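Written out below as structure tokens is the structure these notes cover.
What follows draws every value from the coordinates through simple rules; no lab data is involved. Note that this is a predicted model, so its numbers are computed, not measured. Note: ideal-geometry Cβ built from the backbone for every residue, glycine included; neighbour counts use all protein chains shown.
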């Protein structure tokens with residue numbers, strides 16, 4: 001049977017709620033939509049769901065599906081709905097907030113389960129699959145997503161149109177778990193976290209910090225070639241700066257701040273933009289200086305909810321490869337296209353060649369700054385830049401920054417997952433708020449247009465995406481330890497160190513594994529740590545000045561002279577500029 005996948009998932013969510021109610025009659029229901037790859041439903045009950053409950057709930061769901069129960073819609077008044085859901089506090093809260101103005105409400109009944117729902121649903125459970133869904137997990141979720149509200153239990157379910165699709169997805173999830181950046185961080189000795197002392201902050205180990213620095217060095221080298229200046233602004237600044245920029249009103253609760261002895265409130269930098277405004281505004285600027293490219297690798301701090309922290313993917317302290325491009329209105333289109341091409345080329349160097357874009361437009365919000373006229377102009381300018389240059393994109397309604405529209409760049413990894421990393425944001429509001437100007441050809445002062453730009457975005461997050469996409473099998477130029485030399489026995493340690501010395505002299509980071517262990521044991525451990533190349537040396541290699549190479553993921557060995565190996569590695573670790 002062919003399924004409308006969203007309709008199927010939506011209907012299965014009701015079946016699961018009915019199953020949970022049958023197993024736990026006193027449960028209170030919140031809600032549960034279809035989502036990518038499945039659905040979820042939120043429950044309030046004193047009973048704590050665990051993995052031990054998953055099979056029971058799945059069996060009850062299958063039994064309900066077999067019963068061929070109908071999904072019956074009924075249109076009721078607000079008063080009728082309140083009577084029906086009198087024992088369901090979350091439904092009642094929604095109903096009490098609902099201003100129906102005489103409109104009717106839609107409810108759906110399936111067996112003994114009734115829910116507020118617009119629908120549609122399948123006609124009968126006989127139209128639903130029995131073997132292509134699986135409960136994934138249970139997690140805490142605040143009612144309405146507000147930490148001030150009660151924590152509910154959210155049961156996630158993977159659901160597809162066929163068992164084959166479900167099996168393929170579950171296999172991909174297993175692969176994703178094996179590639180989880182936290183697991184790879186441990187296996188490769190890159191980093192760790194200390195939730196008790198610094199939740200959401202990375203403790204970099206030597207190899208991880210080498211990779212982190214290498215990413216920054218690469219972006220820095222590319223920016224310098226493209227004519228960017230690099231600045232650095234203070235990590236702690238007065239709260240009044242963030243009030244002036246509008247960030248405090250929008251993100252104040254996510255800022256780390258404290259009061260000093262003189263009564264002032266200072267914030268640890270949550271983003272680099274205001275600092276860049278102050279640098280541009282220091283001194284006289286001319287139209288001849290524009291476009292001006294100003295970059296900063298700003299370490300920023302944001303108080304993310306503890307439940308949202310996830311390895312390198314979501315942290316509280318991270319570094320952004322921020323840049324601000326100041327230009328004239330006439331230069332705007334060219335600069336937008338130039339940045340998008342720059343970002344695409346950077347991604348390609350890391351092996352990401354499937355890039356998509358979304359134009360994020362304004363949403364009505366109390367935090368949005370700037371007039372509709374400015375927003376019309378800004379959105380129109382970005383759209384024109386995309387359209388005139390034949391760049392494909394989608395519209396993301398309401399996803400703009402509070403100060404301007406943006407073009408977000410999404411990359412697809414080796415497992416088909418999509419990640420938002422780079423962005424170009426058009427800002428006509430902050431230059432106004434900071435009274436920025438340049439002297440035009442006419443000798444008069446003019447307001448610059450500013451573009452916020454990030455290519456990798458968060459260095460930490462991009463590193464996590466890259467680790468998971470490659471499974472830790474990094475390109476040699478980025479690997480913190482591209483080669484390790486290991487002697488077969490202690491007798492060959494001197495030659496191993498000779499090879500190490502030659503590699504280091506050529507600019508290749510390496511070391512010798514001189515542990516008193518069998519060589520096969522060391523090879524297994526180095527392979528687990530995702531060492532790209534293991535150079536094994538023994539009596540024959542020492543006598544002939546050769547090395548035997550084992551590449552990560554390959555069974556076949558290579559034998560070459562030490563000189564050729566050093567030359568090969570010297571070339572392989574060069575940045576692909």
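Over the range 147-189, the Kirkwood radius and the radius of gyration, each from Cα atoms, give a ratio Rg/Rh of 1.19.
Taking only the Cα atoms of the range 365-458, how large is their convex hull per residue, in Å³?
Here the figure is 149 Å³ per residue.
Taking other Cβ atoms within 10 Å as a rough exposure proxy, 442, 180 sort from fewest to most as 442, 180. Each of 231, 343, 374 was scored by other Cβ atoms within 10 Å of its Cβ. Arranged with the fewest first, they read 374, 231, 343.
Beyond 27 Å, the tail of the calculated P(r) for the range 184-470 holds 42 percent of the Cα pairs. If I take all pairs of Cα atoms in the range 124-231, what percentage of them are more than 20 Å from each other? When every Cα pair of the range 124-231 is considered, 69 percent fall beyond 20 Å. Counting only Cα atoms, the size of the range 42-132 along its three principal axes is 43, 33, 18 Å, in decreasing order.
Once the Cβ-Cβ distance of residue 165 and residue 279 is raised to the sixth power relative to R0 = 51 Å, the FRET efficiency obtained is 0.45.
Volume of the convex hull of the range 5-171 (Cα atoms only), normalised per residue: 114 Å³.
Taking other Cβ atoms within 10 Å as a rough exposure proxy, 240, 327 sort from fewest to most as 240, 327.
Scattering from the range 483-572 was approximated by placing one identical point on each alpha carbon and applying the Debye formula without solvent; log10 I(q)/I(0) at 0.22 1/Å stands at -1.10. Scaled against the 2.2 N^0.38 Å expected of a compact globular protein of N residues, the Cα radius of gyration of the range 240-323 reads 1.30.
Taking only the alpha carbons of the range 15-79, we obtain Rg and Dmax values of 13.4, 40 Å in that order.
Rounded to the nearest 5, the antiparallel percentage of DSSP beta bridges internal to the chain is 85%. Calculated on the alpha-carbon coordinates, the convex hull of the chain measures out at 219 cubic angstrom per residue. Across the range 87-175, C-alpha contacts under 8 Å between residues 6 or more apart give a mean separation that, scaled by the residue count, equals a relative contact order of 19 percent. The relative contact order of the range 1-151, computed from alpha carbon pairs under 8 Å that lie at least 6 residues apart in sequence, is 27 percent. Highest mean packing first, where packing is the average number of other Cβ atoms within 10 Å per residue, the peptides 252-264, 382-394 line up as 382-394, 252-264. Share of pairwise Cα-Cα distances greater than 19 Å in the range 387-516 is 71 percent (whole percent). In percent, rounded to a whole number, the relative contact order of the chain is 10, using alpha-carbon pairs under 8 Å and six or more apart.
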